[in-house]
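The values are calculated or read from the model by the stated rules, or taken from the named source; none is laboratory data. Bear in mind the structure is a predicted one, so any value in this text is a computation, not a measurement. Quick reminder, even Gly has a Cβ in these numbers, built from the backbone with ideal geometry, and neighbours come from all protein chains shown. These area figures cover heavy atoms from the full protein model, side chains too; ligands, DNA and RNA do not enter into them. Shrake-Rupley method; radii C 1.70, N 1.55, O 1.52, S 1.80 Å.
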Amino acid sequence: MNLAFGFTVFTILALGIDSVFFTQQFFDARAITNVAAIGYFFLLFFSAEIYLRKLMLVMVFLSYIGELIFCKLLGMYDYRTDLIPLYVPFGHAIVYASGYIFAHTKWALEREKPLRKYFAVFFSVLFLGVGILLNDIFTLLFGLLFFVLMKRKRWQNLYYFIALCVIFIELVGTYFQCWTWVPKTFGLIPASNPPMGAVFFYAGGDVLLVKIVSIWDKRRLKVSQ
């Protein structure tokens with residue numbers, strides 16, 4: 001739990017070190033951020049239960065594939081250098097694990113139903129506000145798809161908690177200019193920097209992640225039998 005809460009402070013420090021400002025004023029310290037992210041990943045990994053460990057391991061590889069697709073192939077955003085930073089796939093796993101831990105706290109489980117309502121209102125206002133005020137059509141479109149996905153997943157608070165962590169890291173990362181979202185996705189859809197609707201892609205990846213781990217467990221069970 002301490003490591004999950006520490007994710008916020010760690011994110012600010014790690015991305016601050018990889019920021020454009022730090023690089024221009026001092027030196028390119030991305031290697032420090034890489035080592036720090038990998039170290040924090042393993043701190044969380046060895047503190048987690050077995051199931052979460054599996055999720056984190058698969059997330060590292062799955063998120064790297066996602067980076068190749070959304071960053072390099074589709075060009076939805078760019079990092080401050082041409083290469084995808086080493087810390088990014090480990091960072092995705094840290095974000096997922098933090099949201100997972102928050103969602104499974106006693107406090108969150110005891111307030112599951114009211115939290116669903118609060119989350120639904122919060123994200124609705126967020127998507128509409130950003131979409132209308134910033135002309136972020138990307139967020140209006142993919143925010144709607146996020147709710148379609150949430151309905152299919154029976155409004156599990158897990159995805160809301162992960163989405164909150166995603167929004168936090170996106171705001172910090174774009175503030176420090178570690179990465180920048182393009183003004184028009186696919187050259188057509190206006191988007192802010194960052195677009196809040198990006199949580200849809202994280203949520204979709206999380207669904208795929210759980211399926212992969214489920215297949216992994218089933219195969220291991222067959223082998224053991």
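What the table shows:
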| item | result |
| --- | --- |
| The stretch 75-225 - Kirkwood radius from inverse mean 1/r over Cα pairs (Å) | 16.7 Å |
| Inter-part distance where the stretch 86-126 and the stretch 1-24 are each reduced to a Cα centre, Å | 19 Å |
| q = 0.12 Å⁻¹: log10 I(q)/I(0) that the Debye formula gives for the stretch 135-207, counting C-alpha atoms only | -0.32 |
| Carbon plus sulfur fraction of accessible area for the stretch 3-75, probe 1.4 Å, in percent | 78 percent |
| Label-point separation, Val121 to Asn193 (7 Å along Cα→Cβ), nm | 3.4 nm |
| Förster radius 22 Å - calculated FRET efficiency between Leu68 and Val148, Cβ distance, rounded to 0.05 | 0.30 |
| Long-range lysine pairs (8 or more apart or interchain), the chain, Cα under 29 Å | 28 |
| Kyte-Doolittle mean at least 0.5 and Cα axial length at least 30 Å: DSSP H helices in the chain | 112-133, 199-224 |
| Rg in Å to one decimal, and Dmax rounded to a whole Å, for the stretch 171-221 via C-alpha atoms | 16.2, 47 |
| Neighbour-limited loop hits for chymotrypsin sites (Phe, Trp or Tyr not before Pro), the stretch 22-104 (at most 16 other Cβ within 10 Å; DSSP other than H, G, I, E, B) | Phe26, Phe27 |
| Leu57-Phe21 FRET efficiency (beta carbon distance; Förster radius 35 Å; 0.05 resolution) | 0.55 |
